[in-house]
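Please treat every number below as a calculation from the coordinates, not as lab data. Everything numeric in this text was worked out from a predicted model, so none of it was measured. No Cβ is skipped: glycine too gets one built from the backbone with ideal geometry, and neighbour counts run over all protein chains shown.
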Amino acid sequence: MFTKAAVLTALCSAAVAAFAVAAPAQAETAATTALPTANMEAVLKAAQIDPRRADDTQTPGAHDSVLLVEQALQAKGLLSSQYVDGYFGTTTIDAYSQYQKSLGYTGIDASGLPGKTSLEKLGEGRYTVTNPVSAGSQVTYHGVTLNTRTKAMLVAAEGIFGSSVSLTQGSYNPGGVDASAGTHDGGGAMDISVSNLSSTSRTNLLKALRKVGFAAWLRTPAQGFAYHIHAMAISDPDLSSGAQHQTGDYYLGMNGLAGRGADDGPADTKDTWEEYQRS
C-alpha cells in the first residue's frame, strides 16, 4: 500500500521529469518561430542611395533588411516580384510611398522614405525592426526650426568646430527659398551663414558637419548662390524627396546640385549620426 506522502513524491518526480523533457522542446519551438530582423539604419541608407545609382549595385550591408521590406510590400500587392531583390530603387520607393499613403500619410510622411511606425506596421508578423531612427520633435535653435536629431547633430558639430554658427534657414520650411528646390520642406535641412568666416574656417566647419553625419557643401556665387553652407542630416526620416536625392548623391561622391557634379567638399568617412555616436 502506498502512503499519501509516497504518492505525492511520485507525482512531483513525474512532473519534474516531464518539465525536463518539455522545456527544451518549448525553447526549440520559440527559436523556430522568431521573426527575422530588419535594420532600419540599413534600410534608410539604401532608400537614399540606391535610387540615385546609375546601376543596380546594392548598398553594402542593406540587402537582407531591404529584402524583408520588399517581400512585405509584395505581400500587400504593392511591388512586383521582379523588384524583390534587396535593391531599394525608385520602384521600391514608389511602392513604399503607396503603402504610407494607405496608412493615411501625406506630404513628406509619404515620400517613400521609411519611418519607424510605418516600417513596424509593414513588418507585423513578418519581421521586427532593429536600430530604429527617429527625427524627434520640432524645436527652435538659433532662431530657426529643426528637429531634435538635427539639433543634437549641430550641437556636436559646433563643439568640434569650437564655435556656434548662424543659421539662415532651417527645416520644415515649405515654399521658403526658391533656390533650395524643396530640400527644406522636410526635416534635417539647414543653411549656415559663412560671411564672417575665413576660407580655412569654412573648410573646418564643413569637416565638423560631415564628421557628425551631415551631407554638407559650401554653396558659392559661381553656382548661383550667395556664399553659405547647405547641410542635410543623412538618414533623417523626415527628409523631403529633394533632400533624399541630395544625401544619396553625397554618398556617391557628388555635390548635391542638379548637374550632379563631383563633390567639392573636404574628404570624409560619410557616417550617419548614429554611426558617429558609436564610433
Query raised in the report: Can you list the residues, at least 5 places off or on another chain, whose amide H is less than 5 Å from the amide H of Thr168, using H built in the peptide plane?
Result: Asp191, Ile192, Ser193
**Report entry** lysines whose Cα lies under 28 Å from that of Lys207, excluding same-chain neighbours fewer than 8 positions away
**Finding:** Lys45, Lys151, Lys270
Query raised in the report: Ordered by residue, what ³J(HN,Hα) values in Hz, to whole numbers, does the range 247-255 give under the Karplus form 6.51 cos²θ - 1.76 cosθ + 1.60, where θ = phi - 60° and Gly and Pro are x?
Result: 5, x, 5, 4, 4, 8, x, 10, 9
Query raised in the report: lysines near Lys76 by alpha-carbon distance under 17 Å, same-chain residues fewer than 8 away left out - which ones?
Result: Lys101, Lys121
Query raised in the report: Long-range amide H contacts for His142: which residues qualify at under 5 Å (H placed 1.01 Å from N, peptide plane, sequence gap of 5 or more or a different chain)?
Result: none
Requested in this report: Please grab the % of Cα pairs in the chain that end up more than 27 Å from each other.
Outcome: 46 percent
Report summary line: Between Val155 and Gln223, Cβ-based FRET efficiency (R0 25 Å, step 0.05) works out to 0.35
Report task. For Met254, list long-range residues whose amide hydrogen, built 1.01 Å from N in the peptide plane, is under 5 Å from its own amide hydrogen. Result -> Asp263
Query raised in the report: Relative to the present Cα-Cα distance, how much length would full extension add between Ser198 and Ser134 at 0.36 nm per residue of separation?
Result: 19.6 nm
Query - Ratio Rg/Rh [Cα only; Rh per Kirkwood] for the range 190-279 - result: 0.94
Requested in this report: Please give the calculated 222 nm ellipticity per residue for the chain, where each DSSP H segment of at least 4 residues contributes -39500 (n - 2.57) and the sum is spread over every residue; nearest 500 deg cm²/dmol?
Outcome: -13500 deg cm²/dmol
Report summary line: One would report the antiparallel percent of DSSP beta bridges in the chain, rounded to the nearest 5, as 85 percent
Query raised in the report: If you place +1 on the Cβ of every Lys and Arg, -1 on the Cβ of every Asp and Glu, and leave all else neutral, what size is the dipole of the chain about its Cα centre, to the nearest 20 Debye?
Result: 500 debye
Report summary line: HN-Hα couplings for the range 229-240 via Karplus (6.51, -1.76, 1.60; θ = phi - 60°), in whole Hz with x for Gly/Pro, come out as 9, 9, 10, 10, 6, 4, 6, 5, x, 9, 4, 6
Query raised in the report: What ³J(HN,Hα) values, in whole Hz, does the Karplus curve 6.51 cos²θ - 1.76 cosθ + 1.60 give for the range 201-213 when θ = phi - 60°, with x put for Gly and Pro?
Result: 5, 4, 5, 5, 5, 4, 4, 5, 5, 5, 4, 8, x
